[in-house]
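Report on the structure given below.
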Ligand SMILES: Nc1ncnc2c1ncn2[C@@H]1O[C@H](COP(=O)(O)OP(=O)(O)OP(=O)(O)O)[C@@H](O)[C@H]1O
Ligand SMILES: [Mg+2]
């Protein structure tokens, strides 16, 4: 099957700033594809190139089998797109705005719009300008999903959503994915996409540094955990865990750097009276640092 998105040598320069340096990306049809990278990495630029809102400096992007440069209108009609900073007409109500878009796009089942609004607990009768940031984001999400597009391109979709709405969003992504849609979503937080994505690509300074499946990434990602024990820290037990790359002890708390799955660690410490475990968000840049204790293991390549 052809890829839902295929970019080839895609490059974008804004005067002196090279935002994207020759990106070759393939998003398989039906995938939930997480596009990760720190601020300024070039995620939004990639998305705007994919949706025909920006012209590449060089290279090509093909979306749903269409060359974006020659078919921008058709691409925009067929893709469900949520921009990073969603803006809509503030004087229209949610319903007025969505009806307007539905008329432009065609093929929208209004009862699906109402279902989406209900699921996101969004009042369609309110003027968009009076909505909170999170509720405005929900209008953006509804417009992206409402025409049941084959491809969703979502730029930091959960920005401003509370945890319950984030969970609802992830459920919806799962549903449309099972129904056959491809979902491309950007984020700067690994934990946000790892629950829903099957593949992730990591971008840094306009360069794709890695594409991996979630299990591959989980096995490599470096995490920081603080484990507090009811008694003395069993330092030797911790050091004996293959996945523990670093141990620092302060009072009854062990500050650990974990490379890979935490399963063995959890089993090893279970008999020692664990009082608390504090986990820190995995830093994407640390994914590539290669914290390895065993010399026979190759550090992960920084492409
Ligand atoms: N219109 C523009 N004019 C000039 N520079 C731009 C423009 N748009 C983006 N850039 C630059 O391109 C680089 C990539 O920006 P981009 O918005 O794609 O990053 P991002 O990964 O989406 O970041 P964030 O996580 O902050 O949203 C940045 O250095 C940014 O300053
Ligand atoms: Mg962005």
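Once you place label points 7 Å from the Cα toward the Cβ at residue 29 and residue 237, how far apart are they in nm?
5.3
Compute the whole-percent fraction of alpha carbon pairs in segment 1-72 spaced more than 17 Å apart.
Of all Cα-Cα distances in segment 1-72, 38 percent exceed 17 Å.
What translational diffusion coefficient, in µm²/s and rounded to a whole number, does the Stokes-Einstein relation yield for segment 50-151 at 25 °C and a viscosity of 0.890 mPa s, taking the hydrodynamic radius as the Kirkwood radius over Cα pairs?
This corresponds to a translational diffusion coefficient of 170 µm²/s.
Send over the semi-axes of segment 171-263's equivalent ellipsoid, whole angstrom and largest first, taken as the square roots of 5 times the C-alpha gyration tensor eigenvalues.
Square roots of five times the eigenvalues give 34, 15, 11 Å.
Any chance you could give the angle, 0 to 90 degrees and rounded to 10, that helix 163-178 forms with the longest Cα principal axis of the chain?
For 163-178 against the chain, the angle is about 70 degrees.
At q = 0.28 Å⁻¹, what log₁₀ I(q)/I(0) does a Debye calculation on the Cα points of segment 222-281 give, no solvent, two decimals?
Summing over Cα pairs of segment 222-281 leads to -1.36.
What is the Cα coordinate range of segment 125-191 on the first, second and third principal axes, sorted by size from largest, in whole angstrom?
35, 28, 18
DSSP beta bridges in the chain, what fraction antiparallel, as a percent rounded to 5?
Here the antiparallel bridges make up roughly 70 percent for the chain.
When the scattering of segment 110-239 is computed by the Debye formula from its Cα atoms alone, each counted once and equally, what is log10 I(q)/I(0) at q = 0.10, 0.18 Å⁻¹?
-0.45, -1.03
Normalise the Cα radius of gyration of segment 32-94 by 2.2 N^0.38 Å (N = residues in it) and let me know the number.
The value comes to 1.26.
Given 10 Å bins starting at zero, what is the percent of C-alpha pairs of the chain in each, up to the one with the largest pair distance?
Spelled out per bin, shortest first, that is 6, 24, 28, 22, 13, 6, 1.
By how many degrees, 0 to 90 and rounded to 10, does the Cα axis of helix 94-105 deviate from the longest principal axis of the chain?
70
Each reported figure results from applying straightforward, stated rules to the coordinates on display, with no laboratory input. Just so you know, these numbers come straight off a predicted model, no measurement behind them. All Cβ positions, even for glycine, are placed from backbone atoms using ideal geometry, and neighbour counts span all protein chains on display.
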